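Written out below as structure tokens is the structure these notes cover.
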Ligand code: GLA
């Protein structure tokens, strides 16, 4: 038996290993809630989030028509197994259902040039956003503690000086959509809910400074923000641990909680020379390098455990990840990535041993 043949269920549980530091979560699709994957979730994790089910197009595909089925199943599973829940995400510039973007006459709000009508559209949009949050947060307030209220609102390449992402939301409302979203979530999810602004590349300068400036400004304005969600989509060796540490310490020095919300460590760089097609093709050396990075990362997380309340992987095992779709694109079909600590067959990888040690 090689060490990679050890089944994920015959090891130490990740959540148990880190119980004194933070919760350990996984992003799930409804199909994960049965069979082998469900066993692995129950055994290793004490927190979950939906990879897609809670996004706006899935949960409110048409105005006033909510599809709670998948989220309900995830919530039910969490309750039955005493798992903490994160909600991802109430507002995002990507994946906005079309009905959100049309004015009362069915025209694209973005195309309106009359200032009075634009103001009307802005109010309509903020009302729709408030309603979206009211219905969802009221329904799940007893079940969900952590909320990604807005996702990816900073863009360091934006033309404006504060580097706010020039999304549909921003073009129509400025930063009012962010304020409305946080205030509504606080109002309907309650005082105990923990509200997060979720973002990628939070380790990098100058992006993290722009994010901090925005958060400080909003908080000074009375907007209730509890913490930063650091997506943490990494590759082996990137970003440097020092940048991660500085970022966590920076935000916590302003009283903010930190959660690692979408962790994965791709085996590929941004321009990979070779893409592998199956678990067996991936060289052992590469898995060892990944293990080293994962091990160092969790050592850092553990050192910073007063500043970090939760760590969520953006998936469960290598058989399913958004990065596999990317690898397929890069290889015209056959490629796969291997970003997690469990392989495609729910055996543990070298990275697993590195983070439980
Ligand atoms: C971002 C989003 C996630 C997920 C990933 C991959 O990180 O926050 O919800 O969709 O992109 O697509």
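Express in whole angstrom the spacing between the alpha-carbon centres of segment 1-59 and segment 185-204.
One Cα centre to the other: 22 Å.
Averaging sequence separations of C-alpha pairs under 8 Å and six or more residues apart, then dividing by the length of the chain, give the relative contact order as a whole percent.
About 18 percent, as a whole number.
Between segment 249-321 and segment 86-133, what is the separation of their alpha carbon centroids in Å?
35 Å
Mind telling me which of 142, 120, 281 comes out most flexible in a GNM of the chain, alpha-carbon contacts under 10 Å?
Fluctuation is largest for 281.
List the equivalent ellipsoid semi-axes of the chain in whole Å, largest first, each obtained as the square root of 5λ for an eigenvalue λ of the Cα gyration tensor.
35, 22, 21
Cα axis of helix 176-189 to longest principal axis of the chain: angle in degrees, 0 to 90, nearest 10?
The two axes meet at around 70 degrees.
Given R₀ = 45 Å, FRET efficiency for residue 10-residue 204 by Cβ-Cβ distance, to 0.05?
Efficiency at R0 = 45 Å is approximately 0.70.
Return the distance in nm (one decimal) between the two label points of a simple spin-label model at residue 102 and residue 300, each offset 7 Å from Cα along Cα→Cβ.
Once both label points are built, they end up 4.7 nm from each other.
Using a/c under 1.5 as the rounded threshold, could you call segment 1-148 rounded, prolate or oblate? The axes a ≥ b ≥ c are square roots of the C-alpha gyration tensor eigenvalues, and prolate needs a/b larger than b/c, oblate otherwise.
Prolate, because a/c is 1.5 or more and a/b exceeds b/c.
Please label the shape of segment 262-357 as rounded, prolate or oblate, based on the square roots a ≥ b ≥ c of the eigenvalues of the alpha-carbon gyration tensor (a/c under 1.5 means rounded; beyond that, a/b larger than b/c means prolate, else oblate).
prolate
Contour minus end-to-end for residue 217 and residue 274, with contour as 0.36 nm per residue of separation and end-to-end as the Cα-Cα distance?
This chain segment gains 16.1 nm when fully extended.
Normalised by the number of residues in segment 48-88, what is the relative contact order in percent for Cα pairs under 8 Å and 6+ residues apart?
Relative contact order of segment 48-88: 56 percent.
Can you order the peptides 109-118, 228-237 by their average number of other Cβ atoms within 10 Å per residue, highest first?
The packing order, highest mean first, is 228-237, 109-118.
At a Förster distance of 22 Å, what's the computed FRET efficiency of residue 156 paired with residue 242, Cβ-Cβ distance as r, to 0.05?
Between residue 156 and residue 242 the formula returns 0.70.
Averaged across orientations, what area in nm² does the convex hull of the alpha carbons in segment 146-216 project?
4.9 nm²
Throughout, read-outs are computed from the coordinates displayed, never taken from laboratory work. Quick caveat: nothing in here was measured; it's all calculated off a predicted structure. Neighbour counts run over all protein chains shown; Cβ positions are idealised from the backbone, glycine included.
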